[in-house]
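These notes are about the structure you will find just below.
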Number of protein chains: 2
Amino acid sequence: MKYAVGVDLGGTKISAGLVDSTGRLLNKTKIGTEADKGPKHVIGNIIRSITAVSKDMGVKPKDIAGAGIGSPGPLDAAKGIIHFAPNLPGWKEIKLKDIVQKEFPFPVHVDNDANVAAYGENWTGAGKKVNYFLFVTLGTGVGGGLIVNNEIFHGTADSAMEIGHVTVFPDGRKCNCGNYGCLERYASATGIVITAKEFIAAGKKTLLTKTVLSSKAVHDAALKKDKVAIDILTDAGRCLGIVIANTASLLNLDMVALGGNVAEAGEFIFKPVREEIKKRVLFPANRIKVVKAKLGVDAGLIGAARLVFSNAGVA
Amino acid sequence: MKYAVGVDLGGTKISAGLVDSTGRLLNKTKIGTEADKGPKHVIGNIIRSITAVSKDMGVKPKDIAGAGIGSPGPLDAAKGIIHFAPNLPGWKEIKLKDIVQKEFPFPVHVDNDANVAAYGENWTGAGKKVNYFLFVTLGTGVGGGLIVNNEIFHGTADSAMEIGHVTVFPDGRKCNCGNYGCLERYASATGIVITAKEFIAAGKKTLLTKTVLSSKAVHDAALKKDKVAIDILTDAGRCLGIVIANTASLLNLDMVALGGNVAEAGEFIFKPVREEIKKRVLFPANRIKVVKAKLGVDAGLIGAARLVFSNAGVA
């Protein structure tokens, strides 16, 4: 029961980490997912990663309590079946848990990637020992995970915390999902670029007209005190703040940690988020604390490993 | 362990019910709250109600498993302390549970009124045996309760499900709470009257110009196929649908039951609610079922009684 292996299955890379029962990451490997070669090949890569990350450290299978895998896509967490995954061609009702399980003497667990990242941050990161903890990751899209009293809140079909597709503006921007005004269209890296384009098209004077647009470029311009860039990030933060305020009014949470690339813009995002919460949350008791996530890209690995210890009743 | 008493403490009336362990309501009393006479007097009325409703039926204290009280206002459910209650003058940090407890040999439990109504509907009403169940009551305001696997979801400070103060329109109508665009300003009886006034002020032709405005008057006009009245209810339903869709995207629930006076408008409200959910919820797995609450004003009594049985491990 000394170690667990955590795996983060991404569209381009598979990371694996050897984690001890206190949540310390002792070793890490990263290989290409090679998603284009299909599910069987990708699962082979997962199995190789699990073996490699433990062998590297001279850890024997008998000292490994199990392996946890954070996977994209809608899935059945208990059965470890991936219903589908937009970035993994050919993945349809893949029995990931059972297939990986056959290769190892220890138990294998599977959960959603945003859930395990939330679970990691709640174990050793920004949300350590926080009972009602929300994690939101702001990247190309917006994802989230909710941890209540050390347990992942799954919802009835393991589909909870689709926070990127919560409506901010009922008649807002059209989203890829078909809906209008989804948070993802405003507060993700993609959303920030859309806002930047709108501001530039409106003829606003900004350094951004001279660069390739990206959320990083907007952040860089904001650091140079470009007023328009600051407004763009403020807008993203406000939209995020509205949704977090609503989530806090519904769930009465202790803390939200923001992770992902967009969270790197720091106070440009965090300040408007906090302002919206203060403005919109009725009861002081519901005024959720807003912090930056701490574990970065390791959150998923650490949280996936935690699945092993929590299932064994240790973490 | 045969019976429990459930109490519904309201601003104008106190109802008490004798409930058996299957959730059947056997007897019911109702007296005035007499809130203007202060907390001590009101608590006396609660105690008298508990005694009366069991005595009526010849039930002896030894056959009563306990009493549960659904109370308005922010409160500490475990300690049974009411922090304050807008409709009960003088209620500030009132130790309701301890005071009532002294009068009876059986345990006394306290929880929020919307929570216990949700708990009742989840026991014997519309949400019977539903694992992820949301209850929304549409009256003067909008309240809600969330039941997950037979337990009330309280949040970190017993302040979860402030669904009436979730923002629908970020720059919308000013709410009494200080925020803008709260659901309560659109989908409550109050909100429906505001919408009606706006429509009338805009010069729309409607039967409503000839009546005293109320949500019931709007419903009556809608039944007479008044186009404007139908549009007013559709608007309320849409706003409610947006918030329920968002809640479903966040929490992945099985069912929402709508109660309260406004829900009496039936399909005029339910249809737009369902349409918004279909439009806004990305994954079919998150498409929550929408039904009408079944227990009416008894939901609170029955749910308050359930607190007794669930604390005893029976329901």
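Is segment A:206-315 rounded, prolate or oblate when judged by the Cα gyration tensor, a ≥ b ≥ c being the square roots of its eigenvalues, rounded requiring a/c under 1.5 and prolate requiring a/b larger than b/c?
oblate
Going 7 Å from Cα along the Cα-Cβ axis for the label, what nanometre distances separate B:Pro61 from the same residue across the other copies?
Label-point distances to the other copies, shortest first: 6.6 nm.
Taking 25 Å as R0, compute the FRET efficiency from the Cβ-Cβ separation of A:Glu93 and A:Glu34 and round it to 0.05.
According to the calculation, E is roughly 0.75.
Hey, if we sort B:Cys182, B:Cys177 by accessible area with the 1.4 Å probe, largest down, what's the order?
Largest accessible area first, the residues go B:Cys177, B:Cys182.
Provide the gained length on full extension for the span A:Thr12 to A:Lys174, in nm with one decimal, where the gain is 0.36 nm per separating residue minus the Cα-Cα distance.
Contour length minus Cα-Cα distance gives 55.6 nm.
Order these peptides, B:116-122, B:139-145, B:91-97, by their mean beta-carbon neighbour count within 10 angstrom, highest first.
The densest-packed peptide leads the list: B:116-122, B:139-145, B:91-97.
Given segment B:66-192 reduced to its alpha-carbon atoms as identical point scatterers, what log10 I(q)/I(0) does the Debye formula return at q = 0.14, 0.19, 0.21 Å⁻¹?
-0.68, -1.11, -1.24
For peptide B:179-188, what's the mean number of Cβ atoms from other chains within 10 Å of each residue's Cβ?
Across B:179-188, the average partner-chain Cβ count within 10 Å equals 2.
Tell me the total accessible area that A and B bury against each other, 1.4 angstrom probe, in square angstrom rounded to 100.
So the total buried area for this chain pair works out to about 3600 Å².
How far is the Cα center of segment A:82-140 from the Cα center of segment A:181-242, in Å?
Here the two parts' Cα centres lie 30 Å apart.
So what's the net charge close to B:Lys79: Lys and Arg +1, Asp and Glu -1, counting the other residues with Cβ under 14 Å from its Cβ?
-3
Quote the FRET efficiency, to the nearest 0.05, computed for A:Glu151 versus A:Lys292 with a Förster distance R0 of 35 Å and r equal to the Cβ-Cβ distance.
Between A:Glu151 and A:Lys292 the formula returns 0.90.
I need the shape label for chain A. Rule: rounded when a/c is under 1.5, else prolate if a/b > b/c, else oblate, with a, b, c from the alpha carbon gyration tensor.
Cα axes put chain A in the prolate bin.
Can you list the copy-to-copy distances for A:Lys278, using a point 7 angstrom from Cα toward Cβ, in nanometres, shortest first?
Relative to the other copies, A:Lys278 has label-point distances of 4.4 nm.
At 7 Å along the Cα-to-beta-carbon direction for both A:Phe84 and B:Leu223, put a label point, then send me their distance in nm to one decimal.
Each label point is offset 7 Å from its Cα along the Cβ direction, giving 4.6 nm.
Could you compute the net charge surrounding A:Leu250? Neighbours are other residues with a C-beta less than 13 Å from the C-beta of A:Leu250; K and R count +1, D and E count -1.
Cβ neighbours under 13 Å give a net charge of 0.
Over chain A, what relative contact order in percent results from Cα pairs under 8 Å that are six or more residues apart?
Worked out over chain A, it gives 21 percent.
Using the membrane-span-like helix rule (whole DSSP H runs, Cα extent along the own axis of at least 20 Å, mean Kyte-Doolittle hydropathy at least 0.0), which helices of chain A qualify?
Membrane-span-like by this rule: A:39-55, A:227-251.
Just check the protein assembly as shown against the gyration tensor rule for me: Cα atoms, a ≥ b ≥ c as the square roots of the eigenvalues, rounded for a/c under 1.5, and otherwise prolate or oblate depending on whether a/b exceeds b/c.
The shape class here is oblate.
In chain B, what percent of the accessible surface is made up of carbon and sulfur (1.4 Å probe, ligands and nucleic acids excluded)?
That fraction is 52 percent.
State, to one decimal in nm, how far the label point of A:Thr209 lies from the label point of A:Thr140, with both points 7 Å from Cα in the Cβ direction.
In this crude label model, A:Thr209 to A:Thr140 measures out at 3.1 nm.
For labels at A:Phe283 and B:Leu26 in the simple 7 Å Cα→Cβ model, what's the distance in nm?
Each label point lies 7 Å from its Cα, and together they span 3.4 nm.
What does the structure give for A:146-154 when I average, per residue, the other chain Cβ atoms found within 10 Å of the residue Cβ?
2
Rank-order A:269-279, A:152-162 by packing density, defined as the average count of other C-beta atoms within 10 Å over each peptide's residues, highest first.
Result, highest mean first: A:152-162, A:269-279.
Output wanted: per-residue J couplings in Hz (rounded whole) for segment B:173-187, from phi through Karplus 6.51 cos²θ - 1.76 cosθ + 1.60, θ = phi - 60°, x for Gly and Pro.
Karplus-based 3J(HN,Hα) across segment B:173-187 equals 4, 5, 9, 4, 6, x, 7, 10, x, 5, 3, 3, 6, 10, 10 Hz.
Rolling a 1.4 angstrom probe over the protein heavy atoms, how many square angstrom per residue are accessible across segment A:174-309?
Accessible area per residue, segment A:174-309: 40 Å².
Given only helices, namely DSSP H runs of n ≥ 4 each adding -39500 (n - 2.57), what is the per-residue ellipticity at 222 nm of chain B, to the nearest 500 deg cm²/dmol?
-11500 deg cm²/dmol
The values are calculated or read from the model by the stated rules, or taken from the named source; none is laboratory data. Only a predicted model underlies this, so the values are computations on that prediction, with no experimental measurement involved. So basically every Cβ, Gly included, is an ideal-geometry build from the backbone, and we count neighbours across all protein chains shown. Please note that ligands, DNA and RNA were not included when accessible areas were found on the heavy atoms of the full protein model with its side chains. Shrake-Rupley method; radii C 1.70, N 1.55, O 1.52, S 1.80 Å.
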